[in-house]
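S.K.: I'd like to ask you about the structure that follows.
The values are calculated or read from the model by the stated rules, or taken from the named source; none is laboratory data. This structure is a prediction, so every number in the text was calculated from the model and none was measured. Here the Cβ positions follow ideal geometry from the backbone for every residue, glycine too, while neighbour counts run over all protein chains shown.
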Amino acid sequence: EKGTYPHYMLKEIDEQPAVLRKIVQHYQDAHGNLAVDQEIVAQMLQADRIYIVACGTSSHAGWVGKQLLETLTHIPVEVHLSSEFGYNPPLLTEKPFFIFLSQSGETADSRQVLVQVKEWGYPTLTITNVQGSTLSREADYTMLLHAGPEIAVASTKAYTAQIAVLAVLAEVVGKSKGLPLTVDMQHELGIVANGMEMMIDDKEKIEQLASEFLAVSRNAFYIGRGLDYYASMEAALKLKEISYIQTEGFAAGELKHGTIALIEEGTPVIGMITQENVAGHTRGNIQEVASRGGHVMVIAMDGLNEAGDDFILPKTHPLLTTLNAMIPAQLLSYYASLHRGNDVDKPRNLAKSVTVE
Ligand code: M6R
């Protein structure tokens, strides 16, 4: 039930810090150390490549998962859209391991790939929010998101939960490989949860920005590099599906190769800056957009921020910053949708789980 909340989406956004804490609690052994089903870990240790297969928001969580898994486990990862993989499968390596990401566990495009992969005989893991869902029953292994029911069509807490579970998985597999880079994931996810709370408290400011800059625009952009690019893709989907503003999430450096032609006086462009190694470059791209009349908003991590930035994210581990960056992005889309008079929880033409191919 949504209780005193006007919409499920707002409730689900607010639940995210609690969900992260629950995930940390759930994936622990009796000694309080992070733990994942040993069989999953053993299968992943044998794999020469991980294939993440998903749709929509779950695929965007998959891109962040790729970065987490490659950094912490040194196993190469490919991310594929289910609807593409189904009919044009990539050339597979000898020992692939498949991860299906699906909030509902019922997405037909993903299920179709799972059935195929099982026929080929490869090991499969479903990461889902719904115990007993089709993708969970049919895969060899399941990891649950523990996010509680997600009702709003626009996925919010499932995205951050998927990333948190992938972070736990990456850390546990990396550690059992004895790799030098380890992250105290329990501690770091706790810091993220606290940071999320701070961002969630900023609702008034976010609503104000949404009503000023997103109330009438026809198109918008999110830009970033690396993890900020992956976050931009998700932020853009969130904004477009409920506000109906045509929004693209773009690799900041790629704009000048064509898309910058679309920037006009007042076009909203939201820059994401959480990664130190590319912060300067993204700043440069934001400058280029601003000088062409774009209305720029910046979401930057503390330490990488500059005067005039709209949102300062509390410092977190660089691999986990997209979790915090998503809070203002989700809230911007919520308020943009609200101010445009749309049905926030049930946007037109969309269903919560897409059970047709
Ligand atoms: O249940 P799933 O995670 O498999 O769903 C995948 C997509 O249909 C879903 O993420 C969709 O993109 C959402 N409406 C995004 O907010």
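S.K.: Only one residue in T124, T128 is out of contact with any Pro (no Cβ under 9 Å at 6 or more places or on another chain), more than 18 Å from V153 (Cβ to Cβ), of a type in the set (V, I, T) and crowded, with 21+ Cβ neighbours inside 10 Å, so which one is that?
M.R.: After applying the criteria, what remains is T124.
S.K.: Pull out all pairs, ordered by first then second residue, where Cβ-Cβ is under 8 Å, the residues are six or more apart or on different chains, the first lies in the range 138-154 and is among the aromatic types (F, W, Y), and the second is part of a loop (DSSP other than H, G, I, E, B).
M.R.: Going by the 8 Å Cβ cut-off, the qualifying pairs are Y141/D37; Y141/P123.
S.K.: Any residue in the range 71-92 that is touching an Asp or Glu at 6+ places or on another chain (Cβ under 7 Å), without any contact (Cβ under 8 Å) to a residue 60 or more places away in the chain and buried (at least 24 other Cβ atoms within 10 Å of the Cβ)?
M.R.: Checked against the condition, which is being touching an Asp or Glu at 6+ places or on another chain (Cβ under 7 Å), without any contact (Cβ under 8 Å) to a residue 60 or more places away in the chain and buried (at least 24 other Cβ atoms within 10 Å of the Cβ), the range 71-92 yields at least one hit.
S.K.: Here's another thing I want to ask about it. Answer yes if at least one residue in the range 223-231 is within 16 Å of the ligand (Cβ to nearest atom), in contact (Cβ under 8 Å) with a residue 24 or more places away in the chain, in a helix (DSSP H, G or I) and not β-branched (V, I, T), and no otherwise.
M.R.: Yes, some residue in the range 223-231 is within 16 Å of the ligand (Cβ to nearest atom), in contact (Cβ under 8 Å) with a residue 24 or more places away in the chain, in a helix (DSSP H, G or I) and not β-branched (V, I, T).
S.K.: Starting from the range 95-123, take each residue that is under 19 Å from E150 (Cβ atoms) and without any contact (Cβ under 8 Å) to a residue 40 or more places away in the chain and list its partners that are within 16 Å of the ligand (Cβ to nearest atom) and in a helix (DSSP H, G or I), counting only C-beta distances under 8 angstrom and pairs at least six apart or across chains.
M.R.: G105/T134; G105/L135; G105/S136; R111/T134; R111/L135; R111/E138
S.K.: Pick out the one residue from E207, E212 that is more than 18 Å from the chain's Cα centre (by Cα), part of a helix (DSSP H, G or I), under 30 Å from H295 (Cα atoms) and modelled with pLDDT under 95.
M.R.: After applying the criteria, what remains is E212.
S.K.: Let me ask you something else. Give me the residue from the range 237-266 that is in a loop (DSSP other than H, G, I, E, B) and buried (at least 19 other Cβ atoms within 10 Å of the Cβ) and, out of that set, farthest from the ligand (Cβ to nearest atom).
M.R.: By that ranking, first place goes to I263.
S.K.: Filter the range 84-116 for residues that are more than 20 Å from S353 (Cβ to Cβ) and among the aliphatic types (A, V, I, L, M); which is farthest from the ligand (Cβ to nearest atom)?
M.R.: Here the answer is L91.
S.K.: Name the one entry in T322, T316, T355 that is surrounded by fewer than 21 Cβ atoms within 10 Å (Cβ to Cβ), β-branched (V, I, T) and under 28 Å from A164 (Cα atoms).
M.R.: T355
S.K.: A further question follows. Out of the residues in the range 15-66 that are part of a loop (DSSP other than H, G, I, E, B) and surrounded by 15 or more Cβ atoms within 10 Å (Cβ to Cβ), state the one that is nearest to the ligand (Cβ to nearest atom).
M.R.: Residue satisfying both the conditions and the ranking: C55.
S.K.: Could you please give the count of residues in the range 213-234 that are over 21 Å from G284 (Cα atoms) and surrounded by 24 or more Cβ atoms within 10 Å (Cβ to Cβ)?
M.R.: 2
S.K.: Filter the range 33-55 down to residues that are in contact (Cβ under 8 Å) with a residue 24 or more places away in the chain and more than 24 Å from L237 (Cβ to Cβ), then give me how many there are.
M.R.: Residues meeting the conditions: 14.
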